[in-house]
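*Asks:* Quick one: the structure is below, and I'll ask about it shortly.
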Amino acid sequence: MITVEKLCKNFGSLSVLKNIDAEIKNGEKIVIVGPSGSGKSTFLRCLNLLDQPSAGRIMVDDVEITAEDCDINSVRQKMGMVFQHFNLFPHLTVVENIILAPYQLKKLNKDDAIKRAYELLDRVGLREKANEYPIKLSGGQKQRIAIARALAMNPEIMLFDEPTSALDPEMIGEVLDVMQELAEEGMTMVVVTHEMGFARKVASRVMFMDEGRIVEQGTPDEVFGNPKNDRTKLFLSKVLDH
Amino acid sequence: MTEPAEKHESIEEVVFAYEPSPEPFWKRHIYDFIIAAVFLVFALITAFSPQLGLDMPFFTKLRTNFINDFIVENRFMWLVSGLGTTLIITVMATTLGLTLGLTLAIIKVLDYNGKRIFFVTRLAEYYLTVIRGTPVVVQLMIIYYVIFGSISVSKILVAALAFGINSGAYVAEIIRAGILAVDRGQMEAGRSLGLTYGVTMQKIILPQAFKNVLPALFNELITLLKETAVAGYIAVADLARAGDMIRSRTFDPLLPLFAVAAVYLVMVMGLTQVMSKIERRLRRSDNR
């Protein structure tokens, strides 16, 4: 469970997050939507301290990760993250990408790590790419490997930062399918995305962010079907009409 | 829907189709062979000029000089031991330079990432400024005559130390550029998996950085190898000094200096070969 209290983030004089309070329970699938520049990605990146909050508190399972003496590395091992630009390690093969973290952090010995990597590759349907280098993969394949790499640490929470925004339209489906499967298995997920179809189908709660605040949240039916905030209505009318 | 992987394979085929088909060895090196043959014929004519009845002063003089320069007193051995000294200095200096350079590069990158170790960073900056701002010959002489002035110490060690310290400054900037050129998403990906900064640096950033700057690092190695030629300033009998010693003994500048130049050239060409082999191996992960 993640609890966020009065979270603020400034980049210089620019205030990106303004006093955000939020609670994410185990098993929830949160989808964060909103216009660009609204602070969605920054909010997500604060949850595992890739961006250091300027003020406020974040608790992950009763560990205050914003505390000075917090061992953030051990918290991050339980929080997988998937990036917009995949960020696969180009100098390593697919299977080496996946086993790197579990092996380095001594979660698994090399043989078990490789066995686990192949299980994950089967799951994302890319077993035959195990010994390829990332440059040989398509965008959709790269992102599925990135998901497998994050899953190799057996995380309890998965963070997705616009996972399909850098993909060709025809490859978005294969990534969303993997994510949907993950959701159905009960993974706690926080997803920043522009895929409204995915949000409708998978989200247990939709958060709408604008100008550094969560202005509206609720089930997909509530937010998409009957938005209360004017800003939400305007945004949805722009993205849903097409 | 077609598998995207197939598209990639076809692109690869196109790329390979444009690569020149490998020519036979002799054809690729035709000009090398011509040049070598000309030199060989010239050398043979010089060597056997009396037998050939070529009683021209040019050939006679060249023959006499060659004998004086290299055969008398076994003077070619001066070149051989000079070559050994040059290689020893270069190997030690390269090791020191890489170690120093890597350390300094990481200190500067840490500073850039906001993990400031104030005193150490300042020290690194002074080092870079002073070493890159003064000639290596001057540094060499300062280290030998001033710092080790009153202590008896091996000149070869002093030379290795001076060239290593000098090279370290340049290597630091090369490696730093390599680290900064790696996409910042790589560090984020490593950290998001729970790896520490150090492990991410070591396993993810540095391998990519080194691959990117390998040509520049080899350039530095080649420069260093040739730069050691100024070790003669503190009377180290390196390769260049050996050639000069022969010149001052026989008063013939041409043959000893050309011989020295040829040895340096062959070494650099050898290094270049090694470099391209290593680079090809490291390029397995991309089809550039």
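The values are calculated or read from the model by the stated rules, or taken from the named source; none is laboratory data. Since the structure is predicted, the reported quantities are computational estimates derived from the model, not experimental observations. For neighbour counting, all protein chains shown are included, and Cβ atoms are generated from backbone atoms with ideal geometry for every residue, glycine included.
*Asks:* Consider only pairs whose beta carbons are under 6 Å apart and that are at least six residues apart or on different chains; among these, list those whose first residue lies in the range B:113-131 and is modelled with pLDDT of 90 or more and whose second residue is surrounded by 12 or more Cβ atoms within 10 Å (Cβ to Cβ) and in a helix (DSSP H, G or I).
*Replies:* Partner pairs satisfying both residue conditions: B:124/B:104; B:124/B:107; B:128/B:169; B:131/B:166; B:131/B:169.
*Asks:* Considering only residues that are more than 12 Å from residue A:76 (Cβ to Cβ) and without any contact (Cβ under 8 Å) to a residue 40 or more places away in the chain, look in the range B:179-196 and name the one that is nearest to the other protein chains (Cβ to nearest Cβ).
*Replies:* B:185
*Asks:* I'd like to check something: does the range B:10-29 contain any residue that is part of a helix (DSSP H, G or I) and at pLDDT 90 or above?
*Replies:* Checked against the condition, which is being part of a helix (DSSP H, G or I) and at pLDDT 90 or above, the range B:10-29 yields no hits at all.
*Asks:* Please find, among A:114, A:72, the residue that is aliphatic (A, V, I, L, M) and farther than 30 Å from residue A:59 by Cβ.
*Replies:* Within the list A:114, A:72, the selection yields A:114.
*Asks:* Can you tell me which condition residue A:74 does not meet? The list is (1) within 11 Å of another protein chain (Cβ to nearest Cβ); (2) in a helix (DSSP H, G or I); (3) over 30 Å from residue B:281 (Cα atoms); (4) touching a residue at least 24 places away in the same chain (Cβ under 8 Å), and all the others hold.
*Replies:* With (1) within 11 Å of another protein chain (Cβ to nearest Cβ); (2) in a helix (DSSP H, G or I); (3) over 30 Å from residue B:281 (Cα atoms); (4) touching a residue at least 24 places away in the same chain (Cβ under 8 Å) applied to residue A:74, the lone miss is (4).
*Asks:* Look through B:279, B:227 and report the one residue that is assigned by TED's automatic domain parsing to the domain that holds residue B:143, of a type in the set (Asp, Glu) and exposed (fewer than 15 other Cβ atoms within 10 Å of the Cβ).
*Replies:* B:279
*Asks:* Of the conditions (1) without any contact (Cβ under 8 Å) to a residue 40 or more places away in the chain; (2) more than 26 Å from residue B:162 (Cβ to Cβ), residue B:84 satisfies every one except a single condition; which number is it?
*Replies:* Result: residue B:84 passes all but (2).
*Asks:* Within the set of pairs 6 or more residues apart or between chains, which connect a residue that is of a type in the set (Val, Ile, Thr) inside the range A:130-153 to a residue that is part of a helix (DSSP H, G or I) with Cβ atoms less than 7 Å apart?
*Replies:* A:135/B:285; A:145/A:94; A:145/A:97; A:147/A:178
*Asks:* Select from the range A:77-106 the residues that are facing another protein chain (nearest Cβ under 8 Å), of a type outside the set (S, T, N, Q) and in a helix (DSSP H, G or I) and list them in ascending order.
*Replies:* Passing the criteria: A:100, A:101.
*Asks:* Next up: What single numbered condition from (1) more than 8 Å from chain B (Cβ to nearest Cβ); (2) buried (at least 16 other Cβ atoms within 10 Å of the Cβ) fails to hold for residue A:127?
*Replies:* Condition (2) is where residue A:127 drops out.
*Asks:* Taking residue A:150 as meeting all but one of (1) more than 13 Å from every other protein chain (Cβ to nearest Cβ); (2) within 21 Å of residue A:60 (Cα to Cα); (3) not in a loop (DSSP other than H, G, I, E, B), write down the number of the exception.
*Replies:* Result: residue A:150 fails condition (1) only.
*Asks:* Considering only helices (runs of 4 or more DSSP H) fully contained in the range B:202-288, which possess at least 3 residues that are within 14 Å of another protein chain (Cβ to nearest Cβ) and either among the basic types (Lys, Arg) or over 16 Å from the mean Cα position of the chain (by Cα) (or both)? It would help to see each step written out before you state the result.
*Replies:* Numbers: elements: B:206-227, B:239-250, B:254-282.
Qualifying helices (runs of 4 or more DSSP H): B:206-227.
*Asks:* Take residue A:209 and tell me if it is farther than 25 Å from residue A:119 by Cα, touching a Gly at 6+ places or on another chain (Cβ under 8 Å) and not aromatic (Phe, Trp, Tyr).
*Replies:* Against the criterion (farther than 25 Å from residue A:119 by Cα, touching a Gly at 6+ places or on another chain (Cβ under 8 Å) and not aromatic (Phe, Trp, Tyr)), residue A:209 qualifies.
*Asks:* Being within 14 Å of chain B (Cβ to nearest Cβ) and touching an Asp or Glu at 6+ places or on another chain (Cβ under 7 Å), is that true of even one residue in the range A:28-39?
*Replies:* no
Matching residues to (1) touching a strand residue (DSSP E or B) at 6+ places or on another chain (Cβ under 8 Å); (2) in a helix (DSSP H, G or I); (3) in contact (Cβ under 8 Å) with a residue 12 or more places away in the chain:
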| position | (1), (2), (3) |
| --- | --- |
| A:167 | no, no, yes |
| A:174 | no, yes, yes |
| A:183 | yes, yes, yes |
| A:186 | no, no, yes |
| A:189 | yes, no, yes |
| A:198 | yes, yes, yes |
